[in-house]
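See structure below.
The values are calculated or read from the model by the stated rules, or taken from the named source; none is laboratory data. Nothing here was measured: the structure is a model prediction, and the numbers come from that model. Heads up, the Cβs are rebuilt from the backbone with ideal geometry, glycines too, and the neighbour counts pull from every protein chain shown. SASA here: full protein model, heavy atoms, side chains in, ligands and nucleic acids out. Shrake-Rupley method; radii C 1.70, N 1.55, O 1.52, S 1.80 Å.
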Amino acid sequence: MNILKSVSGSVFILTLLLMVTSCNEAKEEIPMPALDLNAENLVPIPTRMIATQGSFRLDQFTSIITSGEEDGLGEVASFLAEKISGKTGLRLEVNPLNMQEGDPVILLSQKKEGNWPNNEAYSLSIRQDSIILEIPTTEAAFRGVQTIRQLIPEISNDTLAEHSIWPVASGTIEDHPNFGYRGSMLDVARHFFSVEDVKKYIDLLAYYKINVLHLHLTDDQGWRIEIKAWPKLTEVGGSTEVGGEAGGFFTQDDYKEIVAYAADHYMTIVPEVDMPGHTNAASVSYPFLDGTGKPLKLYEGTRVGFSTFDTRKDTVYAFIDDVVREISAITPGPYFHIGGDESHATKKADYIYFVNRVEKIVQKHGKQMIGWDEIAQADVDSTSIAQFWSSEKNATTAIEKGMKVILSPAKKTYLDMQYDTLSKHGLHWAAYIPVDTAYVWSPESYVPDIPKDQILGVEAPLWSETISNIEELEYLAFPRVIGYAELSWSLEENRDWEDFKVRLANQAPFMERMNVAFYPSPRIDWVQAEKKSREILKD
Ligand code: TNX
């Protein structure tokens, strides 16, 4: 569909032709379609929207300008220009030296003072000739820019060149996140995923305002991060993966590249080294670490709970100190995740002793400790964080200790659970999680008696026992992860399945353009790119 063909009558064609002759007066007369901002398909749904039934004229004369003291606003503007170019083919200039009066403008304006609810809050005001994005920080600018991206109509590639005007629904938006921690986890240990795969996942998550990517870097089947003081971890421990394939690992340079890419997308990387259980690959590489006393060999199966470090040896803590130090030095984010789950081969007293000691090591290297909910059984500090996945009792214990909790209930948020019995990939030990089940629950009340201010946020983990490439990753993550983005950003009173399912259906054209092999759940009435563009251009 193309705007010239689809708009009946000749007013539009005439004015477009005048525009091509670059007459400014003619540009101002272009009648823009009346689009309803409330009918746009924003995910996550913003805090407040007021529609004014008009549209901004995004065209080749549009420029992006920035005002603010903080570094990075120019980069955010360039990011927007690049994404607009990828979507529309329009090449917008950032802070151009020359502008004609009446040319459309997208202004990113930093206003540090003001009554901002938090540092990711933004306000958008969209009129025929301007979009003004006001923000307290560049981080907030990046979030607001995702909203602008989503408001630009998604039209299939083959008709791209024929469009010259891209109307953006007018009105105002006030928006801020409900939770500060909005994450997904990727298990690169059971199957290894490349730097490129991780970057693509970051691209997609950032579009939905997710701001944390937790990397599960080590497990029984593989050690995936170079540790310079202990090279066999990757030489030996990184050589296998589930199913007998070759494995792989990130060099520290690879990891830095991921961290930098994430930072460019205002996303924090949380590194996880899972211990004292889930440590077979480490113990095979350095047998003094082992606390089972059993013969050690590389493992390519999917059982859990059979390995443990020897928690009573000082050399084990000297090793852990090196690992935490090296990874922390190349991790700008505040967190270090120590795993701590399913340590069935570790005696309870040893487990508690271990977590207590490792917490001190993590703190010594300047990080806040995160662990799966079992860590709440140790004498952990209130500054450490428990990631609730299975035991409500552990979550409640964590709350009693003054800790914050990340919500990752397996029955609701595990991206590796099958959608239904017919799913091509995934497990179902916790539940089958169809797209609606994934969305219809409330992080605020899932575990009774957790005060909201002790909920850091929501994270959807993607374990990789059953997936070994990016298409399979995308099949399990999409579309469900889009729902988790909304559950962690949007206010409870604004969330509604019937409404969400329509907005989700309209994510298909974006996912198709991004080559995302999403699962086309039959519970969603998917909207194709062509159909959507026809609707917009009808107005
Ligand atoms: C449980 S969740 C695990 C992982 C598995 C996952 C598979 C958690 C903390 N541990 O080791 O990969 O189930 O769904």
Checklist entry - So Ala229 clears everything in (1) of a type outside the set (S, T, N, Q); (2) buried (at least 18 other Cβ atoms within 10 Å of the Cβ); (3) assigned to a loop (DSSP other than H, G, I, E, B) except one condition, right? Which one? => result (2)
Checklist entry - For segment 305-316, does any single residue satisfy the condition of being under 25 Å from Val198 (Cβ atoms) and within 16 Å of the ligand (Cβ to nearest atom)? => result no
Item to check | Verdict on Ala260 being without any contact (Cβ under 8 Å) to a residue 12 or more places away in the chain and surrounded by fewer than 24 Cβ atoms within 10 Å (Cβ to Cβ) | outcome: yes
Next on the checklist: Given the criterion farther than 18 Å from Gln53 by Cα, modelled with pLDDT under 95 and not hydrophobic (A, V, I, L, M, F, W, C), identify the matching residue among Ser164, Ser184.
Outcome noted: Ser164
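Please verify whether segment 207-214 includes one or more residues that are within 14 Å of the ligand (Cβ to nearest atom), open to solvent by less than 10 Å² (accessible area, probe 1.4 Å), more than 22 Å from Val76 (Cβ to Cβ) and part of a loop (DSSP other than H, G, I, E, B).
no
Results for (1) of a type outside the set (D, E, K, R); (2) part of a loop (DSSP other than H, G, I, E, B); (3) farther than 15 Å from Arg190 by Cα; (4) out of contact with any His (no Cβ under 9 Å at 6 or more places or on another chain), shown as yes or no for each residue.
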| position | (1), (2), (3), (4) |
| --- | --- |
| Tyr255 | yes, no, yes, yes |
| Ile269 | yes, no, yes, no |
| Glu272 | no, no, no, no |
| Ala282 | yes, no, no, yes |
| Thr302 | yes, yes, no, yes |
| Gly305 | yes, yes, no, no |
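Which one of these is open to solvent by less than 50 Å² (accessible area, probe 1.4 Å) and of a type in the set (Val, Ile, Thr): Val284, Val304? If you could, list the steps in order and put the result at the bottom.
Details: Val304 fails: open to solvent by less than 50 Å² (accessible area, probe 1.4 Å).
Within the list Val284, Val304, the selection yields Val284.
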Checklist entry - Is one or more of the residues making up segment 175-193 under 30 Å from Gln60 (Cβ atoms), open to solvent by less than 10 Å² (accessible area, probe 1.4 Å) and in contact with a helix residue (DSSP H, G or I) (Cβ under 8 Å, 6 or more places away or on another chain)? => result yes
Item to check | Residues within segment 397-432 that are within 11 Å of the ligand (Cβ to nearest atom) and buried (at least 22 other Cβ atoms within 10 Å of the Cβ), tallied | outcome: 7
Next on the checklist: Give me the residue from segment 365-396 that is open to solvent by 40 Å² or more (accessible area, probe 1.4 Å) and more than 17 Å from Val270 (Cα to Cα) and, out of that set, nearest to the ligand (Cβ to nearest atom).
Outcome noted: Ser390
Checklist entry - Got a number for residues in segment 482-531 being in a helix (DSSP H, G or I), β-branched (Val, Ile, Thr) and open to solvent by less than 40 Å² (accessible area, probe 1.4 Å)? => result 1
Item to check | Enumeration of residues in segment 334-376 that are more than 18 Å from Asp321 (Cβ to Cβ) and in contact with a Pro (Cβ under 9 Å, 6 or more places away or on another chain) | outcome: Ser343, Ala345, Thr346, Asp350, Tyr351
Checklist outcome for this item: Taking segment 112-146 and keeping residues in a loop (DSSP other than H, G, I, E, B) and in contact (Cβ under 8 Å) with a residue 40 or more places away in the chain leaves Lys112, Trp116, Pro117, Asn118, Glu120, Ala121, Arg127, Gln128, Asp129, Thr137
Item to check | Sole residue being within 16 Å of the ligand (Cβ to nearest atom) and either more than 30 Å from Pro522 (Cα to Cα) or in contact (Cβ under 8 Å) with a residue 24 or more places away in the chain (or both), chosen from Val362, Val355 | outcome: Val355
